Amino acid sequence: MVQERIALITGVTGQDGAYLAKLLLEKGYRVHGVKRRSSSFNTGRIEGIYEDPHIENPQFTLHYGDMTDSTNIIRIVQETRPTEIYNLAAQSHVQVSFETPEYTANADAIGTLRLLEAMRILGMEKTCRFYQASTSELYGLVQEVPQRETTPFYPRSPYAAAKLYAYWIVVNYREAYGIHASNGILFNHESPLRGETFVTRKITRAAAAISLGRQEKLYLGNLGAKRDWGHAREYVRGMWLMMQQDTPDDYVLATGKTTEVRTFVEWAFADAGIELEWRGSGEEEKGYCRQTGKCLVEVDPRYFRPTEVELLIGDASKAAEKLGWTHETSARELASEMVREDLKIMRDAPIAKGN
Ligand code: NDP
Ligand code: GDR
């Protein structure tokens, strides 16, 4: 008899959780997702796959939970008996981690330990596989380019330091207890579902809103930062592939190309029909609209980080060789898709304030 495949996804309401849940449902998995209690709806990204809890034997079930609550995590793992756990839940915003360092460590570092311990307490070391959402932020201060699995880590934020603990506790539980646990060291990946305060989405939303006359200006921080941006839909497929291998391991997923924030701004505005030119430099930098001479983009030092990660560019050749994984969408194509989707959304809905 073929064993039923049951996935438990923490962070299912986030960008990656939504794409992964959809992928696993398409593959015939029974999917359980952990969502946090919120005073407003936080399931917008998974509306398309949501199933009425009153139907019998649903393929997709949501459970209230929080990575900071061991009792809750143990109970959910016990009730759902997953064959694969994808630990995507995290306080995932780097800048916010400087404001909430202790909470970030609790959710992102100790939260990962809680899940692994739940597997041990419930005797699931040999029956359940584990995926950890590790990150290119681990590389932090540049030690080597492009960054690969063997590049030394040098975290530059409370977020990255918390994820460093999570990375190593996953390696340790793999070695100590023989758990099939893998780290996906994923470089930045974006999509129309990207959180609104990450830089790509902040830019594409603003480009759309400004072009429709619904926003005056976009304020940004470090325009010189370089990121290796890929498409989230393709990266969650990589997560799944890691879990299908006979042996657990750690893999970089990246495109191998890097783009300056400034360039992404130019692309997004061009896609919204606005040609920008820059004046000033560094903290003074301002982006003017070529036709009207009006300043549409301005650097606001409030978005500078106490310590910054200046350059990320990944080498995913191990994933290509062992998993057969490669990216398909370029950063340029990603910008266009995101602007297109934001234009659609903006035409119908009012803009939420705050960034
Ligand atoms: P999002 O911020 O979009 O989603 C994070 C998810 O975690 C949300 O569902 C959020 O819930 C949930 N969450 C946050 N805190 C808790 C908590 N204490 N308990 C339970 N759930 C919690 O992130 P992404 O989807 O972009 O990223 C997924 C994972 O991958 C994260 O761990 C991130 O750090 C990591 N990562 C992301 C990369 C990227 O470029 N996107 C690259 C490398 C790693 P809610 O919806 O209620 O806020
Ligand atoms: P990052 O993503 O920190 O790489 O973490 P983010 O989009 O927040 O920043 C990318 C770069 O853009 C610069 N930047 C700004 N960033 C934000 N958010 N807002 C701004 O106004 C702004 N202006 C310039 C930043 O300084 C930075 O250099 C993301 C998250 O998804 C993490 O969870 C994940 O681990 C990493 O990607 C890989």
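Going down the list K22/K322; K286/K344; K226/K294; K202/K322, which pairs span over 29 Å between their C-alpha atoms? Display every interim value, and only then the final one.
Numbers: K22/K322 24 Å; K286/K344 27 Å; K226/K294 26 Å; K202/K322 35 Å.
The answer is K202/K322.
Between R302 and R214, what is the spin-label point distance in nm, taking each point 7 Å from the Cα along the Cα→C-beta axis?
For R302 paired with R214, the spin-label model returns 2.2 nm.
If one computes the Cα centroid of the range 32-47 and of the range 314-329, what distance in Å separates the two points?
The range 32-47 and the range 314-329 have Cα centres spaced 31 Å from each other.
Could I have the simple spin-label model distance between K344 and T43, label points 7 Å from Cα toward Cβ, reported in nm to one decimal?
Each label point lies 7 Å from its Cα, and together they span 2.3 nm.
Viscosity 0.692 mPa s, temperature 37 °C: give me the Stokes-Einstein translational D for the chain in µm²/s, with Rh taken as the Kirkwood radius over C-alpha pairs. Intermediate values should be presented prior to the final figure.
On the way: Rh = 21.1 Å.
It comes out at roughly 156 µm²/s.
Please work out the C-alpha center-to-center distance from the range 187-206 to the range 63-108 and express it in whole Å.
22 Å
Take the Cα pairs of the range 199-286, get the Kirkwood Rh, then feed it into Stokes-Einstein at 20 °C and 1.002 mPa s and tell me D in µm²/s. Write down the numbers at each step before the final one.
Working: Rh = 15.3 Å.
Estimated via Stokes-Einstein, D reaches 140 µm²/s.
With angles folded into 0 to 90 degrees, how steeply does helix 261-271 sit against the dominant principal axis of the chain? Use alpha carbons for both and round to 10.
Approximately 70 degrees, to the nearest ten.
On full extension of the chain, what length is gained from C295 through T61, given 0.36 nm per residue of separation minus the C-alpha to C-alpha distance?
Working: separation 234, 0.36 × 234 = 84.24 nm, distance 4.77 nm.
Net length gain for the segment: 79.5 nm.
Just so you know, all these numbers are worked out from the coordinates, no wet-lab data involved. If you're wondering where the values come from, they're calculated on a predicted model, not measured in any experiment. With ideal geometry, Cβ positions are generated from the backbone for all residues, glycine too; neighbour counts draw on all protein chains shown.
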